[in-house]
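S.K.: Have a look at this one before I ask anything.
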Amino acid sequence: MLKNIIKIAYRNLIKQKSYSIINIFGLSLGITCSILIFAYIGYELSYDTYHKNADNIYRIVSEQIISGKSTESARSPAPVGPTLVEDFPEVINAVRFSPTVKRAFNYEDRHFFQEHVFYADQSVFDVFSFELIKGDPKTALELPFTMVITESTAKKYFGEKNPMGEFINWDNKFDYQVTGVVKDPPPNSHFTFTVLASFSTFIKYDPRIGSWRGGQFPTYLLLRENSDYKKLEYKIREFNDKYLGSMLKEIGAELDTYLQPLTSIHLRSHLVSELGVNGNIKIIYAFSAIAVVILLIACINFMNLSTARSIRRAKEVGMRKVLGAERRNLILQFLGESFIYTILSSLLAAGAALLIIPYFKTLSGV
(Lines give C-alpha, C1' and ligand atoms only; values in the text may rest on other atoms or scores of the structure.)
Protein backbone atom coordinates (compact mmCIF):
# COMPACT_ATOMS: atom_id res chain seq x y z
CA MET A 1 0.00 0.00 0.00
CA LEU A 2 2.76 2.44 0.98
CA LYS A 3 4.70 1.66 -2.19
CA ASN A 4 1.58 2.33 -4.27
CA ILE A 5 0.94 5.67 -2.51
CA ILE A 6 4.52 6.81 -3.16
CA LYS A 7 4.37 5.68 -6.79
CA ILE A 8 1.12 7.56 -7.51
CA ALA A 9 2.30 10.68 -5.63
CA TYR A 10 5.49 10.68 -7.72
CA ARG A 11 3.54 10.33 -10.97
CA ASN A 12 1.23 13.21 -10.04
CA LEU A 13 4.19 15.36 -9.01
CA ILE A 14 5.85 14.82 -12.41
CA LYS A 15 2.61 15.07 -14.37
CA GLN A 16 1.52 18.37 -12.82
CA LYS A 17 4.83 20.17 -12.40
CA SER A 18 3.38 23.69 -12.12
CA TYR A 19 0.95 22.73 -9.37
CA SER A 20 3.61 20.74 -7.51
CA ILE A 21 6.18 23.56 -7.66
CA ILE A 22 3.68 26.20 -6.49
CA ASN A 23 2.35 24.04 -3.65
CA ILE A 24 5.73 22.84 -2.41
CA PHE A 25 7.36 26.27 -2.76
CA GLY A 26 4.49 28.04 -0.97
CA LEU A 27 4.51 25.66 1.98
CA SER A 28 8.31 25.56 2.22
CA LEU A 29 8.46 29.38 2.21
CA GLY A 30 6.09 29.53 5.16
CA ILE A 31 8.03 26.84 7.04
CA THR A 32 11.34 28.59 6.32
CA CYS A 33 10.09 31.88 7.76
CA SER A 34 8.75 30.09 10.83
CA ILE A 35 12.04 28.22 11.36
CA LEU A 36 14.03 31.48 11.28
CA ILE A 37 11.65 33.26 13.63
CA PHE A 38 11.56 30.36 16.09
CA ALA A 39 15.37 30.12 15.92
CA TYR A 40 15.55 33.78 16.95
CA ILE A 41 13.01 33.20 19.73
CA GLY A 42 14.97 30.17 20.96
CA TYR A 43 18.14 32.25 21.06
CA GLU A 44 16.46 35.03 23.06
CA LEU A 45 15.06 32.51 25.54
CA SER A 46 18.48 30.88 25.98
CA TYR A 47 20.09 33.89 27.67
CA ASP A 48 22.19 32.95 30.73
CA THR A 49 20.96 29.33 30.70
CA TYR A 50 24.50 28.07 30.05
CA HIS A 51 25.49 28.73 33.68
CA LYS A 52 25.60 25.52 35.69
CA ASN A 53 23.71 27.10 38.60
CA ALA A 54 21.43 29.29 36.45
CA ASP A 55 18.28 28.12 38.26
CA ASN A 56 19.73 29.09 41.65
CA ILE A 57 21.23 32.50 40.81
CA TYR A 58 19.27 35.64 41.64
CA ARG A 59 19.97 39.34 41.33
CA ILE A 60 19.04 41.70 44.16
CA VAL A 61 16.65 44.44 43.03
CA SER A 62 16.14 47.51 45.21
CA GLU A 63 12.97 49.57 45.03
CA GLN A 64 13.53 52.95 46.68
CA ILE A 65 10.63 55.26 47.48
CA ILE A 66 11.56 58.89 48.16
CA SER A 67 8.90 61.62 48.39
CA GLY A 68 6.38 59.25 46.84
CA LYS A 69 8.57 58.56 43.81
CA SER A 70 9.52 54.91 43.25
CA THR A 71 12.74 53.83 41.51
CA GLU A 72 13.67 50.21 40.84
CA SER A 73 17.41 49.68 40.60
CA ALA A 74 19.68 46.71 39.90
CA ARG A 75 22.09 47.99 42.56
CA SER A 76 22.43 47.32 46.29
CA PRO A 77 24.69 48.71 49.04
CA ALA A 78 28.14 47.11 48.95
CA PRO A 79 27.88 45.06 52.20
CA VAL A 80 24.48 43.51 51.34
CA GLY A 81 25.81 40.49 49.45
CA PRO A 82 28.53 39.41 51.90
CA THR A 83 26.25 40.05 54.90
CA LEU A 84 23.43 37.94 53.41
CA VAL A 85 25.92 35.07 53.03
CA GLU A 86 26.79 35.39 56.74
CA ASP A 87 23.23 35.76 58.02
CA PHE A 88 21.27 33.26 55.93
CA PRO A 89 22.36 29.63 55.42
CA GLU A 90 20.36 29.36 52.17
CA VAL A 91 22.66 31.93 50.57
CA ILE A 92 25.81 30.06 49.48
CA ASN A 93 27.69 32.94 47.88
CA ALA A 94 27.39 36.46 46.50
CA VAL A 95 29.22 38.46 43.87
CA ARG A 96 29.27 42.21 43.23
CA PHE A 97 30.07 43.97 39.97
CA SER A 98 30.97 47.51 39.09
CA PRO A 99 30.98 48.48 35.40
CA THR A 100 33.44 51.17 34.37
CA VAL A 101 33.73 53.61 31.50
CA LYS A 102 36.15 53.10 28.61
CA ARG A 103 39.66 52.61 29.98
CA ALA A 104 43.04 53.44 28.46
CA PHE A 105 45.11 50.24 28.58
CA ASN A 106 48.78 50.11 27.63
CA TYR A 107 51.13 47.18 27.20
CA GLU A 108 54.53 47.88 25.63
CA ASP A 109 53.73 49.48 22.25
CA ARG A 110 50.06 48.48 22.27
CA HIS A 111 47.54 51.12 23.32
CA PHE A 112 43.78 50.59 23.38
CA PHE A 113 40.64 52.10 24.82
CA GLN A 114 39.20 49.02 26.46
CA GLU A 115 35.43 48.61 26.77
CA HIS A 116 33.32 46.29 28.93
CA VAL A 117 35.68 46.44 31.90
CA PHE A 118 34.17 45.37 35.24
CA TYR A 119 35.30 45.15 38.81
CA ALA A 120 34.14 41.85 40.31
CA ASP A 121 34.45 39.89 43.53
CA GLN A 122 36.66 36.82 43.70
CA SER A 123 33.49 34.73 44.08
CA VAL A 124 32.47 35.46 40.47
CA PHE A 125 33.84 32.07 39.39
CA ASP A 126 31.94 30.28 42.15
CA VAL A 127 28.60 31.85 41.24
CA PHE A 128 28.85 31.97 37.44
CA SER A 129 30.20 29.33 35.03
CA PHE A 130 32.84 31.45 33.32
CA GLU A 131 35.55 29.01 32.27
CA LEU A 132 39.02 30.00 33.39
CA ILE A 133 41.61 28.74 30.87
CA LYS A 134 44.63 29.94 32.85
CA GLY A 135 44.91 30.84 36.51
CA ASP A 136 43.32 29.65 39.74
CA PRO A 137 39.62 30.58 40.06
CA LYS A 138 39.94 30.65 43.85
CA THR A 139 42.73 33.28 43.93
CA ALA A 140 42.72 35.01 40.53
CA LEU A 141 40.89 38.11 41.81
CA GLU A 142 41.85 37.89 45.45
CA LEU A 143 44.48 40.64 45.61
CA PRO A 144 44.16 44.33 44.69
CA PHE A 145 45.46 45.42 41.27
CA THR A 146 44.92 42.04 39.65
CA MET A 147 42.77 41.28 36.63
CA VAL A 148 41.38 38.41 34.60
CA ILE A 149 41.11 38.99 30.86
CA THR A 150 39.17 37.17 28.17
CA GLU A 151 40.83 34.99 25.57
CA SER A 152 40.27 37.53 22.77
CA THR A 153 41.64 40.36 24.93
CA ALA A 154 44.74 38.29 25.70
CA LYS A 155 45.40 37.80 21.97
CA LYS A 156 44.92 41.51 21.33
CA TYR A 157 47.58 42.55 23.86
CA PHE A 158 49.92 39.57 24.00
CA GLY A 159 49.49 37.63 20.75
CA GLU A 160 50.82 34.12 21.30
CA LYS A 161 52.77 35.17 24.41
CA ASN A 162 51.65 33.79 27.77
CA PRO A 163 49.92 36.73 29.54
CA MET A 164 50.11 35.23 33.03
CA GLY A 165 52.06 37.48 35.39
CA GLU A 166 52.32 40.33 32.86
CA PHE A 167 51.32 43.88 33.78
CA ILE A 168 48.90 46.14 31.88
CA ASN A 169 48.94 49.85 32.63
CA TRP A 170 45.52 51.23 33.53
CA ASP A 171 44.76 54.87 32.61
CA ASN A 172 48.48 55.72 32.82
CA LYS A 173 48.18 55.45 36.60
CA PHE A 174 48.23 51.88 37.85
CA ASP A 175 49.75 48.60 36.76
CA TYR A 176 47.44 45.60 36.97
CA GLN A 177 48.83 42.09 36.94
CA VAL A 178 47.15 39.50 34.72
CA THR A 179 46.30 36.54 36.98
CA GLY A 180 43.93 34.64 34.71
CA VAL A 181 42.53 34.16 31.23
CA VAL A 182 38.85 33.29 30.82
CA LYS A 183 36.97 32.09 27.75
CA ASP A 184 34.98 34.85 26.08
CA PRO A 185 31.49 34.85 27.63
CA PRO A 186 28.81 33.63 25.20
CA PRO A 187 26.86 36.38 23.44
CA ASN A 188 23.61 35.11 24.94
CA SER A 189 24.52 36.70 28.29
CA HIS A 190 22.68 39.68 29.77
CA PHE A 191 26.11 41.22 30.29
CA THR A 192 29.48 40.53 28.69
CA PHE A 193 32.97 41.63 29.67
CA THR A 194 36.50 41.78 28.34
CA VAL A 195 38.27 42.40 31.66
CA LEU A 196 37.42 41.57 35.27
CA ALA A 197 39.45 43.54 37.80
CA SER A 198 39.51 42.63 41.50
CA PHE A 199 36.78 44.31 43.53
CA SER A 200 39.26 44.64 46.38
CA THR A 201 41.09 47.19 44.21
CA PHE A 202 37.92 49.21 43.91
CA ILE A 203 37.50 49.30 47.69
CA LYS A 204 41.20 50.15 48.10
CA TYR A 205 40.63 53.38 46.17
CA ASP A 206 38.03 54.46 48.71
CA PRO A 207 37.33 52.27 51.77
CA ARG A 208 33.98 54.07 52.25
CA ILE A 209 32.71 52.24 49.17
CA GLY A 210 32.55 49.07 51.25
CA SER A 211 30.31 50.65 53.92
CA TRP A 212 26.51 50.72 54.16
CA ARG A 213 26.57 54.40 53.25
CA GLY A 214 29.02 53.92 50.41
CA GLY A 215 28.48 52.89 46.83
CA GLN A 216 25.79 50.60 45.43
CA PHE A 217 26.53 47.76 43.02
CA PRO A 218 24.76 45.04 41.03
CA THR A 219 24.78 42.03 43.36
CA TYR A 220 24.01 38.39 42.55
CA LEU A 221 23.27 35.60 45.02
CA LEU A 222 23.78 31.87 44.67
CA LEU A 223 21.15 30.02 46.70
CA ARG A 224 21.12 26.43 47.82
CA GLU A 225 19.25 24.07 45.52
CA ASN A 226 15.48 23.94 46.10
CA SER A 227 15.56 27.10 48.23
CA ASP A 228 12.38 29.18 48.17
CA TYR A 229 13.60 32.61 47.10
CA LYS A 230 10.21 34.14 47.93
CA LYS A 231 10.68 33.22 51.60
CA LEU A 232 14.15 34.72 51.47
CA GLU A 233 12.68 37.96 50.09
CA TYR A 234 10.50 38.20 53.19
CA LYS A 235 13.56 37.70 55.43
CA ILE A 236 15.50 40.35 53.49
CA ARG A 237 12.84 42.95 54.38
CA GLU A 238 13.63 42.34 58.06
CA PHE A 239 17.32 42.37 57.14
CA ASN A 240 16.88 45.87 55.62
CA ASP A 241 15.27 47.14 58.81
CA LYS A 242 18.16 45.77 60.87
CA TYR A 243 21.03 47.19 58.83
CA LEU A 244 19.51 50.10 56.90
CA GLY A 245 16.57 51.21 59.03
CA SER A 246 18.23 54.18 60.73
CA MET A 247 19.84 55.43 57.52
CA LEU A 248 16.55 55.22 55.61
CA LYS A 249 14.80 57.24 58.32
CA GLU A 250 17.46 59.93 58.09
CA ILE A 251 16.90 60.47 54.37
CA GLY A 252 13.13 59.91 54.55
CA ALA A 253 13.15 56.92 52.22
CA GLU A 254 11.57 53.48 52.09
CA LEU A 255 13.28 50.39 50.68
CA ASP A 256 11.78 47.19 49.35
CA THR A 257 14.02 44.40 48.08
CA TYR A 258 13.18 41.45 45.90
CA LEU A 259 15.13 38.76 44.05
CA GLN A 260 15.13 38.44 40.28
CA PRO A 261 15.89 35.02 38.70
CA LEU A 262 18.95 35.19 36.46
CA THR A 263 17.25 33.65 33.43
CA SER A 264 14.45 36.25 33.48
CA ILE A 265 16.71 39.31 33.40
CA HIS A 266 17.26 39.60 29.64
CA LEU A 267 13.60 39.63 28.60
CA ARG A 268 11.82 40.84 31.72
CA SER A 269 14.02 43.51 33.24
CA HIS A 270 14.42 47.20 32.42
CA LEU A 271 15.78 48.62 35.65
CA VAL A 272 18.06 51.51 36.46
CA SER A 273 21.74 50.47 36.20
CA GLU A 274 21.31 47.39 34.03
CA LEU A 275 24.66 45.86 33.06
CA GLY A 276 23.64 45.53 29.42
CA VAL A 277 20.88 46.20 26.92
CA ASN A 278 18.02 43.79 27.47
CA GLY A 279 15.35 42.42 25.17
CA ASN A 280 11.59 42.49 25.64
CA ILE A 281 9.32 39.52 26.26
CA LYS A 282 6.48 41.33 24.43
CA ILE A 283 8.54 41.21 21.23
CA ILE A 284 8.98 37.45 21.72
CA TYR A 285 5.22 37.03 22.10
CA ALA A 286 4.64 39.11 18.96
CA PHE A 287 7.21 37.14 16.94
CA SER A 288 5.70 33.85 18.15
CA ALA A 289 2.27 34.97 16.97
CA ILE A 290 3.71 36.09 13.61
CA ALA A 291 5.45 32.72 13.11
CA VAL A 292 2.26 30.80 13.89
CA VAL A 293 0.19 33.02 11.57
CA ILE A 294 2.70 32.60 8.72
CA LEU A 295 2.64 28.84 9.18
CA LEU A 296 -1.17 28.77 9.29
CA ILE A 297 -1.42 30.86 6.11
CA ALA A 298 1.01 28.51 4.36
CA CYS A 299 -1.02 25.49 5.50
CA ILE A 300 -4.33 27.07 4.44
CA ASN A 301 -2.90 27.92 1.01
CA PHE A 302 -1.64 24.35 0.70
CA MET A 303 -5.07 22.96 1.58
CA ASN A 304 -6.87 25.34 -0.79
CA LEU A 305 -4.65 24.31 -3.69
CA SER A 306 -5.10 20.65 -2.82
CA THR A 307 -8.88 21.09 -2.65
CA ALA A 308 -8.96 22.87 -6.02
CA ARG A 309 -6.89 20.07 -7.51
CA SER A 310 -9.14 17.38 -6.07
CA ILE A 311 -11.97 18.53 -8.36
CA ARG A 312 -9.78 17.71 -11.35
CA ARG A 313 -9.15 14.26 -9.90
CA ALA A 314 -12.85 13.38 -9.61
CA LYS A 315 -12.63 11.08 -12.62
CA GLU A 316 -9.68 9.28 -11.06
CA VAL A 317 -11.66 8.75 -7.84
CA GLY A 318 -14.66 7.46 -9.80
CA MET A 319 -12.52 5.04 -11.76
CA ARG A 320 -10.89 3.72 -8.61
CA LYS A 321 -14.30 3.10 -7.03
CA VAL A 322 -15.46 1.26 -10.14
CA LEU A 323 -12.36 -0.93 -9.91
CA GLY A 324 -13.19 -1.74 -6.28
CA ALA A 325 -11.19 0.79 -4.26
CA GLU A 326 -12.54 1.25 -0.74
CA ARG A 327 -13.19 4.64 0.85
CA ARG A 328 -10.41 3.96 3.35
CA ASN A 329 -7.88 3.37 0.58
CA LEU A 330 -8.81 6.63 -1.16
CA ILE A 331 -8.42 8.54 2.11
CA LEU A 332 -5.00 6.98 2.72
CA GLN A 333 -3.96 7.79 -0.85
CA PHE A 334 -4.79 11.49 -0.59
CA LEU A 335 -3.42 11.83 2.96
CA GLY A 336 -0.27 10.00 1.90
CA GLU A 337 0.25 12.34 -1.04
CA SER A 338 -0.24 15.39 1.20
CA PHE A 339 2.22 13.92 3.70
CA ILE A 340 4.84 13.39 0.99
CA TYR A 341 4.38 16.97 -0.26
CA THR A 342 4.74 18.21 3.33
CA ILE A 343 7.94 16.20 3.87
CA LEU A 344 9.44 17.58 0.65
CA SER A 345 8.46 21.14 1.66
CA SER A 346 9.96 20.67 5.14
CA LEU A 347 13.26 19.35 3.76
CA LEU A 348 13.42 22.23 1.30
CA ALA A 349 12.62 24.69 4.10
CA ALA A 350 15.33 23.24 6.35
CA GLY A 351 17.91 23.55 3.58
CA ALA A 352 16.81 27.10 2.78
CA ALA A 353 16.97 28.07 6.47
CA LEU A 354 20.55 26.79 6.73
CA LEU A 355 21.52 28.89 3.70
CA ILE A 356 19.73 32.01 4.95
CA ILE A 357 20.83 31.87 8.61
CA PRO A 358 24.21 33.65 8.04
CA TYR A 359 22.36 36.59 6.45
CA PHE A 360 19.63 36.40 9.08
CA LYS A 361 22.29 36.72 11.81
CA THR A 362 23.48 39.95 10.21
CA LEU A 363 19.93 41.26 9.88
CA SER A 364 18.88 40.39 13.42
CA GLY A 365 22.19 41.36 15.03
CA VAL A 366 22.49 38.15 17.05
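S.K.: Rounded to a whole number of µm²/s, how large is the Stokes-Einstein D of the stretch 176-315 at 10 °C and 1.306 mPa s, given Rh as the Kirkwood radius over C-alpha pairs?
M.R.: The estimated diffusion coefficient comes to 75 µm²/s.
S.K.: If you count only protein heavy atoms with a 1.4 Å probe, what accessible area per residue comes out for the chain, rounded to a whole Å²?
M.R.: About 55 Å² of surface per residue is accessible.
S.K.: Shape verdict for the stretch 183-256, please, from the Cα gyration tensor: rounded (a/c under 1.5), prolate (a/b greater than b/c) or oblate.
M.R.: It comes out oblate by the Cα gyration axes.
S.K.: For semi-axes √(5λ) of the Cα gyration tensor in Å, the choices are (1) 30, 24, 21; (2) 59, 27, 17; (3) 40, 22, 21; which was calculated from the structure?
M.R.: From the options (1) 30, 24, 21; (2) 59, 27, 17; (3) 40, 22, 21, the structure gives (2).
S.K.: Now, a different point. What shape does the stretch 145-200 take by its C-alpha gyration tensor, where a ≥ b ≥ c are the square roots of the eigenvalues and a/c under 1.5 counts as rounded, a/b above b/c as prolate, and the rest as oblate?
M.R.: In terms of gyration-tensor shape, oblate.
S.K.: If you don't mind, another one. Which net charge results when you count Lys and Arg as +1 and Asp and Glu as -1 among the other residues whose beta-carbon is under 13 Å from that of Thr219?
M.R.: +2
S.K.: Using a 1.4 Å probe on the protein chains only, how many percent of the accessible area of the chain belongs to carbon and sulfur?
M.R.: Carbon-and-sulfur percentage of accessible area, whole number: 60.
S.K.: Pull out a ≥ b ≥ c, the square roots of the eigenvalues of the alpha-carbon gyration tensor of the stretch 64-156, then state rounded if a/c is under 1.5, prolate if not and a/b is larger than b/c, and oblate in the remaining case.
M.R.: It comes out oblate by the Cα gyration axes.
S.K.: Among 345-353, 242-250, how do they line up by average Cβ neighbours within 10 Å per residue, starting with the highest?
M.R.: Numbers: 345-353: 16.9, 242-250: 12.6.
Final packing ranking: 345-353, 242-250.
S.K.: Give me the angle, in degrees from 0 to 90, between the Cα long axis of helix 2-15 and the longest principal axis of the Cα atoms of the chain, rounded to the nearest 10.
M.R.: 80 degrees
S.K.: Cα centroid distance between the stretch 195-269 and the stretch 175-189, in Å?
M.R.: Using only Cα atoms, the two centres lie 24 Å from each other.
S.K.: Can you spot the lysines whose alpha carbon is less than 25 Å from Lys17's alpha carbon? Ignore those fewer than 8 places along the same chain.
M.R.: Lys3, Lys7, Lys315
S.K.: Among Ser67, Val127, Pro77, whose Cα projects farthest towards the positive end of the dipole of the stretch 64-133, with charges put on the beta-carbon of Lys, Arg (+1) and Asp, Glu (-1)?
M.R.: The listed residue farthest towards the positive side: Ser67.
S.K.: How big is the convex hull of the Cα atoms of the stretch 110-237, per residue, in Å³? Walk me through the numbers before you get to the answer.
M.R.: Working: hull volume 16.9 nm³, N = 128.
Hull volume normalised by residue count: 132 Å³.
The values are calculated or read from the model by the stated rules, or taken from the named source; none is laboratory data. Note that the structure is predicted; figures quoted are calculated from it, not measured. No Cβ is skipped: glycine too gets one built from the backbone with ideal geometry, and neighbour counts run over all protein chains shown. Just so you know, the surface numbers come from the protein's heavy atoms only, side chains and all, with ligands and any DNA or RNA stripped out. Shrake-Rupley method; radii C 1.70, N 1.55, O 1.52, S 1.80 Å.
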